[in-house]
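The values are calculated or read from the model by the stated rules, or taken from the named source; none is laboratory data. Remember, predicted model here, so these are calculated numbers, not experimental data. Neighbour counts run over all protein chains shown; Cβ positions are idealised from the backbone, glycine included.
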Amino acid sequence: MPDTPARPAGRRSAEVAPPIPYTAVVPAAGLGTRFLPATKTVPKELLPVVDTPGIELVAEEAKSAGAERLLIVTSPGKDGVVAHFVEDLVLEHTLASRGKEAMLAKVRNAPSLLEVASVIQDKPLGLGHAVGCVEGELADDEDAIAVLLPDDLVLPGGTLGRMAAARARYGGSVLCAIEVPGDEISAYGVFDVEDDPENPNVKRVRGMVEKPHPSLAPSNLAAAGRYILDRKVFDALRAIKPGAGGELQLTDAIALLIEWGEPVHVVIHEGTRHDLGNPGGYLKAAVDFALDRDDYGPELRAWLTRRLAQDH
Ligand code: UTP
């Protein structure tokens with residue numbers, strides 16, 4: 001049994017306990033095959049959305065929601081992902097000595113967000129397996145974890161906070177859903193839900209169907225990459241067998257929690273969601289972010305307008 005690290009005492013104020021779990025887990029040990037050849041040497045989590053890696057945006061979201069520790073699941077050879085959150089004193093000194101204050105602030109952002117730790121997943125045996133790797137890194141009193149997939153951008157923030165509030169009310173685990181038009185639903189994991197008349201944005205999950213035919217989809221609610229998982233998920237992860245693609249699927253562990261009678265709810269995200277895990281979704285995210293920036297937005301908008309006019 002690995003020693004369970006003690007959570008530093010006094011990190012959290014006793015009076016105002018933030019509702020989100022202390023540890024935000026970011027699984028980043030996948031192969032990123034949909035992004036080859038770039039991901040042969042560059043982890044997809046470090047691909048920039050304009051100029052900031054997706055994983056830094058996700059770490060900012062976790063911090064804003066009240067998490068205090070970022071636990072990155074990484075793989076041998078993807079050291080750059082964790083290195084992004086480590087101070088680079090030589091670079092910082094160079095920028096400071098040249099008076100590049102704005103760049104210095106950008107470089108200092110990632111290391112200053114949260115306490116960062118990492119755990120290695122030796123082989124990409126699936127998202128469920130990656131989440132299972134963090135159990136030994138949690139303190140005994142951590143009864144839940146937040147999991148944020150770094151290739152999902154869920155904007156604006158606030159949904160994790162609402163998920164934590166749902167856990168406080170209903171207990172168990174809480175997942176995040178986005179509403180998807182009927183003809184696109186077969187690209188997603190889809191929730192089978194039960195309405196709560198008192199709370200239209202939170203629903204109890206009866207089950208999940210992976211990539212259903214539109215006519216068989218139990219709802220228009222698709223899974224997005226945010227989870228608040230009760231610690232019992234580790235028991236479920238130990239109990240499941242490899243599923244689709246020979247991988248240990250987090251979805252299968254959640255299905256088992258439901259079978260055991262554990263409460264599982266979804267909170268419906270209101271806003272945008274970008275999938276950075278494939279080039280098409282990544283491009284949309286980059287354009288969306290760039291259009292909102294003062295430095296790149298106006299020129300990009302003008303160029304896009306001209307470029308689109310050529311297609312007519
Ligand atoms: P994905 O299936 O989207 O990522 O997993 P992938 O496997 O890297 O991508 P493709 O399908 O080959 O293109 C969702 C998240 O889970 C992590 C990934 O890094 C990604 O952030 N993951 C996946 C792991 O950490 N370990 C795994 O074994 C699988």
Q: Give the number of residues within the stretch 110-120 that are surrounded by 14 or more Cβ atoms within 10 Å (Cβ to Cβ) and over 14 Å from Val25 (Cα atoms).
A: 3
Q: Name, by its number, the condition in (1) closer than 24 Å to Arg293 by Cβ; (2) away from the ligand (no atom under 13 Å from the Cβ); (3) at pLDDT 95 or above that does not hold for Leu70.
A: (1)
Q. Which residue pairs have Cβ atoms closer than 7 Å, lie 6 or more positions apart in sequence or on different chains, and pair a first residue in the stretch 33-51 that is in contact (Cβ under 8 Å) with a residue 12 or more places away in the chain and more than 20 Å from Lys284 (Cβ to Cβ) with a second residue that is within 12 Å of the ligand (Cβ to nearest atom) and assigned to a helix (DSSP H, G or I)?
A. Pro43/Val81
**Q.** Residue list for the stretch 129-147, restricted to those being surrounded by fewer than 24 Cβ atoms within 10 Å (Cβ to Cβ), within 16 Å of the ligand (Cβ to nearest atom) and not in a helix (DSSP H, G or I)
**A.** Cys133, Val134
Q: Kindly establish whether Ala165 is in contact (Cβ under 8 Å) with a residue 40 or more places away in the chain and surrounded by fewer than 18 Cβ atoms within 10 Å (Cβ to Cβ).
A: yes
Q.
Out of the residues in the stretch 103-128 meeting the condition of being in contact (Cβ under 8 Å) with a residue 24 or more places away in the chain and part of a helix (DSSP H, G or I), tell me which one is nearest to the ligand (Cβ to nearest atom).
A. Leu127
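This table checks each residue for (1) of a type in the set (Gly, Ala, Ser); (2) at pLDDT 95 or above; (3) touching an Asp or Glu at 6+ places or on another chain (Cβ under 6 Å).
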| site | (1), (2), (3) |
| --- | --- |
| Val50 | no, yes, no |
| Ala62 | yes, yes, no |
| Gly66 | yes, no, no |
| Val86 | no, yes, no |
| Leu89 | no, yes, no |
| Lys106 | no, yes, no |
